[in-house]
1. Between their Cα atoms, which of LYS118/LYS208; LYS40/LYS152; LYS100/LYS122; LYS40/LYS171 are more than 22 Å away from each other?
2. In nm, what is the difference between 0.36 nm times the number of residues separating SER158 and GLU51 and their Cα-Cα distance?
3. Based on the mean of other Cβ atoms within 10 Å per residue, sort peptides 40-48, 202-210 so the most packed one is first.
4. How far is it, in nm, from the label point at LEU39 to the one at CYS211 when both lie 7 Å from their Cα along the line to the Cβ?
5. Could you tell me what percent of the accessible area of the range 109-211 is made up of carbon and sulfur, with a 1.4 Å probe and every protein chain present?
Amino acid sequence: MGLSQTLLFYVLVCVHLGVSQHYLRLRPSPSDHLPVPDLKEDPDPEYDPREQDLAERTLRKKLGSNFDPNFMSITSPMLVNLSALDNQVKLQGPMPNEIKKLDLTETPYGKRVKVGKKARRKFLQWLWTYTHCPVVHTWKDLGVRFWPRYIKEGNCFSERSCSFPEGMSCKPVKSINKIFLRWYCQGFIIKKYCTWIQVQYPIISECKCSC
């Protein structure tokens, strides 16, 4: 599924007697922009879940098999960039065919150059490493109106160009959806109804070197 087909759960504004609350749609709009920007929340604590609304056993049951401890956390994890821990240019899987099938013996002028097997293998390994685009993970606090509150987001490595010569950059090409619970309120402040609803949160799962 491409990013243009990924469902984002993004924001609408509901206005009641001059009081607005930002909330998520049940049928979100598609977007090509990942990771998801920070939501603009109404700061009024009246729209926050109460202590009795945060019973872990009840919320786990409501979320069911959608709870994924690899990407979500109930308690505060170390809110750090995890690239140094699990993205130290680990080249997973086979070498991409566009690199593996490169013919290093031909020049643009038709003259052939002799390249030894060992030299070819080392150059292709270097090229693969140079153009590799790892997904860099970071823990993010979604706030009290989400459960679980913490999500491990993915970002494309962007500290340098991924092409040789330079000019291209790492961009997202695939994403996965994780189901979270969102505290949703409607009605007036004095007389309102609030409940937990399930929403899809897209996370970048693969990046690629492109223009």
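1. The pairs that break the limit, which is 22 Å between Cα atoms, are LYS118/LYS208; LYS40/LYS171.
2. Numbers: separation 107, 0.36 × 107 = 38.52 nm, distance 4.03 nm.
Between SER158 and GLU51, full extension yields 34.5 nm more.
3. Top of the packing list down: 202-210, 40-48.
4. With each label placed 7 Å out from Cα toward Cβ, I get 3.8 nm.
5. On the way: 3350 of 5920 Å².
Reported share for carbon and sulfur atoms: 57 percent.
The values are calculated or read from the model by the stated rules, or taken from the named source; none is laboratory data. All figures in this text were calculated on a predicted structure; none of them were measured in a lab. All Cβ positions, glycine included, derive from the backbone under ideal geometry; neighbour counts span all protein chains shown. With ligands, DNA and RNA removed, areas are computed over all heavy atoms of the protein, side chains included. Shrake-Rupley method; radii C 1.70, N 1.55, O 1.52, S 1.80 Å.
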